[in-house]
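Data first, discussion second: the structure below is written as structure tokens.
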């Protein structure tokens with residue numbers, strides 16, 4: 001008998017009819033001999049409704065009371081799903097995060113899980129019950145309700161799977177797996193049978209929104225096999241795990257597993273900065289102090305002993321960062337500040353890069369052949385990212401998808 005933790009997001013439980021279908025799925029899973037723990041989100045749109053109510057009262061609601069409010073959405077879902085299971089003759093029991101005792105720190109709205117008391121759940125599983133747990137929430141050491149932030153139900157599911165030593169954590173969404181890239185941009189994108197934690201973490205951080213980054217990190221840390229499946233269609237989905245090994249050797253991996261992109265980029269450059277020790281800190285220190293996250297960084301030193309310093313930020317932070325950089329330019333006697341918010345980042349990801357040379361040159365040639373100019377380049381062991389003009393996003397993704405043969409190497 002396998003122990004499965006199955007997570008269902010807001011769109012999967014968005015109506016009573018959909019909740020009934022999820023109950024059917026859980027019933028069939030238990031009937032097949034599996035131990036089943038379901039983790040659910042609030043019904044689609046419910047969390048936004050609750051947030052809007054809070055904002056009608058206050059633009060900056062008290063964080064503790066905010067968590068008390070928004071955590072109620074999941075409580076509705078667990079009760080309805082448990083009722084639906086009871087109607088099918090299934091012994092089910094619902095738990096809020098506090099009842100399970102998902103112990104978190106006290107950082108309201110963005111709490112982190114510290115430990116989980118699995119005693120009651122283990123007892124329920126031994127008695128053949130289906131357990132239904134509210135995702136996205138926990139409780140701190142003082143008994144205060146906390147929430148884990150947007151997408152926190154994924155993290156809840158993975159944490160429960162780790163605590164219960166589940167055979168697999170299955171994330172049911174409105175897509176049937178992880179694709180080589182977004183099918184809305186590249187119609188020939190294909191579903192992957194499997195992908196490594198490292199690759200999925202890179203793709204999630206680069207803009208792929210199939211899974212929450214924290215959930216992937218948690219799964220990798222505790223070696224919890226993750227599978228992305230469709231709530232509405234049958235299929236094997238995509239398994240996310242460590243690299244497959246046989247006789248101590250890593251099995252052959254595709255060179256590139258996927259292409260991720262991020263439309264929310266903006267680029268800033270401070271020109272003609274005196275090239276002196278500490279100049280990078282002088283520029284990025286105030287940016288960091290303003291709680292603005294910096295992504296890619298390039299520094300070029302000219303023949304006149306000045307440097308041009310370029311970095312990217314989230315597009316929502318562009319105006320704020322530009323104003324700060326203009327003040328810095330005056331303070332350090334830089335020549336000028338220029339910026340561009342009409343850029344995107346496109347990245348190729350694959351653990352196979354480790355053992356294959358020439359990947360970067362192949363990427364750059366493919367883009368060059370389409371007259372796509374590269375503004376910035378960033379690399380890691382399993383990723384190469386480039387910044388290009390926003391108008392070339394779709395063409396760039398399709399070009400790279402073809403150049404690396406992703407339509408042929410991915411699963412049908």
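The values are calculated or read from the model by the stated rules, or taken from the named source; none is laboratory data. In this text the structure is predicted, and so the values were computed from the model without any measurement. Using ideal geometry, Cβ is built from the backbone for each residue, glycine included, and neighbour counts are taken over all protein chains shown.
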Report summary line: Matching residues in the range 112-132 (within 18 Å of residue 162 (Cα to Cα) and touching a residue at least 12 places away in the same chain (Cβ under 8 Å)) number 14
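Could you count how many residues in the range 195-228 are over 15 Å from residue 158 (Cβ atoms) and not in a loop (DSSP other than H, G, I, E, B)? Step through it out loud before you land on a result.
If we filter the range 195-228 for residues that are over 15 Å from residue 158 (Cβ atoms), which is where we start, we get 195-196, 198-199, 202-203, 205-209.
Narrowing further to those that are not in a loop (DSSP other than H, G, I, E, B): 195-196, 198-199, 202-203, 205.
Residues that pass the stated criteria total 7.
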Requested in this report: Would you please name the residue that is surrounded by the fewest Cβ atoms within 10 Å (Cβ to Cβ), looking only at residues in the range 151-178 that are assigned to a loop (DSSP other than H, G, I, E, B) and touching a strand residue (DSSP E or B) at 6+ places or on another chain (Cβ under 8 Å)?
Outcome: 165
Report summary line: Only one of (1) closer than 25 Å to residue 192 by Cβ; (2) touching a helix residue (DSSP H, G or I) at 6+ places or on another chain (Cβ under 9 Å); (3) surrounded by fewer than 16 Cβ atoms within 10 Å (Cβ to Cβ) does not apply to residue 357, and that is (2)
Query raised in the report: Looking only at residues in the range 27-45 that are modelled with pLDDT of 95 or more and closer than 22 Å to residue 137 by Cα, which one is surrounded by the fewest Cβ atoms within 10 Å (Cβ to Cβ)?
Result: 43
**Report entry** Those residues of the range 281-294 which are in contact (Cβ under 8 Å) with a residue 12 or more places away in the chain and farther than 17 Å from residue 338 by Cα, in sequence order
**Finding:** 282, 286, 290, 292, 293
Query raised in the report: If residue 340 passes every condition in (1) touching a helix residue (DSSP H, G or I) at 6+ places or on another chain (Cβ under 6 Å); (2) surrounded by fewer than 18 Cβ atoms within 10 Å (Cβ to Cβ) but one, which one does it miss?
Result: (1)
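When the range 222-248 is examined, which residues are found to be more than 27 Å from residue 24 (Cβ to Cβ) and at pLDDT 90 or above?
Within the range 222-248, the first condition is being more than 27 Å from residue 24 (Cβ to Cβ), and the residues that meet it are 222-223, 241-248.
Those that are more than 27 Å from residue 24 (Cβ to Cβ) and at pLDDT 90 or above: 222, 223.
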Query raised in the report: Quick one: would you say residue 138 is crowded, with 19+ Cβ neighbours inside 10 Å, at pLDDT below 95 and within 24 Å of the chain's Cα centre (by Cα)?
Result: no
Report task. Considering each residue of the range 368-387, count those that are at pLDDT 95 or above and either assigned to a helix (DSSP H, G or I) or out of contact with any strand residue (DSSP E or B) (no Cβ under 6 Å at 6 or more places or on another chain) (or both), and give that number. Result -> 5
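Say we look at the range 76-93 and pick out the residues that are under 27 Å from the mean Cα position of the chain (by Cα) and crowded, with 17+ Cβ neighbours inside 10 Å; which of these is nearest to residue 28 (Cα to Cα)?
Restricting attention to the range 76-93, the residues satisfying the condition of being under 27 Å from the mean Cα position of the chain (by Cα) are 76-78, 81.
Among the residues that remain, those that are also crowded, with 17+ Cβ neighbours inside 10 Å are: 77-78, 81.
On the way: 77: 20, 78: 18, 81: 14 Å.
The extreme case among them is 81.
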Report task. Given the conditions (1) under 18 Å from residue 178 (Cα atoms); (2) surrounded by fewer than 20 Cβ atoms within 10 Å (Cβ to Cβ); (3) under 22 Å from the mean Cα position of the chain (by Cα), report the number of the one that residue 408 does not fulfil. Result -> (3)
Requested in this report: Taking residue 361 as meeting all but one of (1) touching a residue at least 24 places away in the same chain (Cβ under 8 Å); (2) within 17 Å of residue 405 (Cα to Cα), write down the number of the exception.
Outcome: (1)
